[in-house]
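Just so it is clear, none of the values below were taken in a lab; they were calculated from the coordinates. What you see is a predicted model, and the numbers here were worked out from it, not measured in a lab. No Cβ is skipped: glycine too gets one built from the backbone with ideal geometry, and neighbour counts run over all protein chains shown.
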Amino acid sequence: MAACDPKNTKYTYNYSPTSDAVTVHWFIGPNADGTKTITAGTFVTDGGRDWTVKVDADYSTGNVVAQSKLYYGFQATHMGISYTSPIGHFRAIDSKNTFAELTYATVSCSNWGFGMFNAYDTLSKIEELDFYVHAGDNIYEYKDLRYPDDHMKVRTQITDPPHEIASLDDYRRRYRLYRNDASMQALGAHAPLISIADDHEYTNNAWLTGAENH
Amino acid sequence: EGDYYERMHFAMKAFFEYMPIRE
């Protein structure tokens, strides 16, 4: 789960079900169990978008108190089995933007093989965090053991896919690998992400007609 | 390795699918 791109009365978020479910139910509410909702709806997804879900949820009609904590989650049923997502939360901002101050973190250059994703875990424990900015290089495109090499790599799992990513399926598989990291998931559920693409999201040191390795 | 622009297209499509950016 990831949460993100906050606006004063809206909240966009996305979530990847683990099956090829087609209809995903979502909610935003004042408590984590989803028994009371401020707004809710459904989103139909399929393999054409890698089963991701994006919702632009308007909670402005919910009489939400500024800075109050709101919860959101997803549920889908596929082949008779119900799947429920972890619950995420964020702090509401009202239409008058009455925040006296905002607390945010900046991260960048997240190379799965090098580890140090514990930084995400640390941020997920900071209660007052309003959002975090990822300034680029959310993923790295290299094949396994290229960067980091076998001396520097801290993970025992083989990088997926094992080759340098170049096709749409490759990029999707690499995002899935990164998003399976528990620390990254914890931060995604804790605070909205404002994400920026740099070069490693597609290839290193790109210029007008090519790139370092191409 | 694929055509460079095709590769960039695939990369950005995946980025917008997985990154929480308003479409």
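With each pseudo-label sitting 7 Å past Cα toward Cβ, what's the A:Asp46-B:Tyr5 distance in nm, one decimal?
Computed distance between label sites A:Asp46 and B:Tyr5 equals 2.9 nm.
Over segment A:87-207, what is the relative contact order in whole percent, taking alpha-carbon pairs under 8 Å and six or more residues apart?
Details: 180 pairs, mean separation 44.0, N = 121.
Normalised by residue count, the contact order of segment A:87-207 is 36 percent.
What ranking of A:Lys36, A:Lys153, B:Lys13 emerges when the number of other C-beta atoms within 10 Å of each C-beta is taken as an exposure proxy, fewest first?
Ranked by crowding around the Cβ, least crowded first: A:Lys36, B:Lys13, A:Lys153.
Roughly speaking, what % of Cα-Cα pairs in segment A:95-148 are separated by over 13 Å, rounded to a whole number? Present the calculation step by step, with values, prior to reporting the outcome.
Values: 961 of 1431 pairs.
Percentage above 13 Å: 67.
Please list, in chain and number order, the residues 5+ apart from A:Val133 or on another chain whose amide H is under 5 Å from its amide H, with Hs placed from the backbone.
Under 5 Å from the amide H of A:Val133: A:Ala105, A:Thr106, A:Val107, A:Ile194.
Lysine pairs in the protein assembly as shown 8 or more apart or on different chains: how many have alpha carbons under 22 angstrom apart?
15
Relative to the longest principal axis of chain A, what angle (0 to 90°, nearest 10) does the C-alpha long axis of helix A:168-179 take?
70 degrees
Starting at the first residue of segment A:51-57, write each ³J(HN,Hα) from the Karplus equation 6.51 cos²θ - 1.76 cosθ + 1.60 with θ = phi - 60°, in whole Hz, x for Gly and Pro.
Karplus values, whole Hz, x for Gly and Pro: 6, 7, 10, 10, 10, 9, 8.
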